[in-house]
Each structure stands twice: as C-alpha cells, then as structure tokens.
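The block underneath contains the structure these notes are about, expressed in structure tokens.
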Amino acid sequence: MHLSITHETTYRYDPAVTYSIQSMRLAPRGYDGLSVQNWQVTSNGRFVTAAGEDGFGNIVHTLTNTGDHDQVHIQARGEVLTSDTNGVVKGLREPFRPLFYRRTTPLRKAQKPASGRASRFISPPNRKIDTERRGPPRSGPLQ
C-alpha cells in the first residue's frame, strides 16, 4: 500500500524568544514491511538535515532557531510503501538485543505474585546477561 504522510506541529512562544532548539524523531526507518520512498523535515519552509541517530536507532533531526521568534512551524512529510507481514516486524535495525530488556533493575523488579509465574523469564540479580544467546533462558549459571 502506498501512503502519503504529513505531520505538522507549531510551537508558539509568548513572549517571543531569542533562541530555541528542538530534537525531533520524525523520520521512519525502513524494514521488511515498510519502504521509505522519500521523506523530508522542514521548519518555516527550510529543510532540516538529519543530525544522526539516538541510542535506540531513531533518526534525529535537530533544529536551532536564533533571533526573535514567537513561533516555529515544523512539517514532516513523505511517502512509504507498506506490505502485509501478518503483524510480524522483520528487518528493523535494533541496536539492543532482546535480552537487554530482561535485565533486573531496582525499578523493574517482579513482585512476589508475578515472580512465581514469570520466574523462568526473570534473570537473577547476580546473573550476567548473555547478549549473544537467543531463545528461552537456560537454567543455572552462564558459562
């Protein structure tokens, strides 16, 4: 399916400002079910070039405005081709292995009722994350 997308955002400042900066994640990445045909980000009619990518692989555009201004208008627009993958996302660049998200942290600790049902999916606190392994967790220490 061919899709044309336009997203617009306007920031208004009262009172006017002399400096503003925006880091924007407004550009899609292609994968097996999505092909980006063309994409551009503009602000007040000027093209905004991509500054790079963040730690999660998102394309980041950075916009800096100097001089008195009371509004900034940003537009992201482009065309993509999509194909049916039955809801399965493949080929998307993922900078972190899935096990990265399974590590235990002080803010992400299972409560007792959940820990019984989910114990086979939770890494013990002193267990190192095996970033090379895929599939269900092993029992016992990693080698």
For residue 10, state whether it is hydroxyl-bearing (Ser, Thr, Tyr), closer than 20 Å to residue 58 by Cα and modelled with pLDDT of 95 or more.
no
Pick from 54, 14: which is more than 17 Å from the chain's Cα centre (by Cα), assigned by TED's automatic domain parsing to the domain that holds residue 67 and acidic (Asp, Glu)?
14
Here is a check on your reading of the model: is residue 6 touching a residue at least 24 places away in the same chain (Cβ under 8 Å), surrounded by 10 or more Cβ atoms within 10 Å (Cβ to Cβ) and not aromatic (Phe, Trp, Tyr)?
no
Do we find that residue 48 is more than 30 Å from residue 18 (Cα to Cα), modelled with pLDDT of 90 or more and surrounded by 15 or more Cβ atoms within 10 Å (Cβ to Cβ) in this structure?
no
Would you check if residue 103 is surrounded by fewer than 14 Cβ atoms within 10 Å (Cβ to Cβ), farther than 26 Å from residue 5 by Cβ and among the basic types (Lys, Arg)?
yes
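The values are calculated or read from the model by the stated rules, or taken from the named source; none is laboratory data. Predicted, not measured: the structure shown is a model, and the values here were computed from it. Counting neighbours? That spans all protein chains shown, and the Cβs are built from the backbone with ideal geometry, glycine included.
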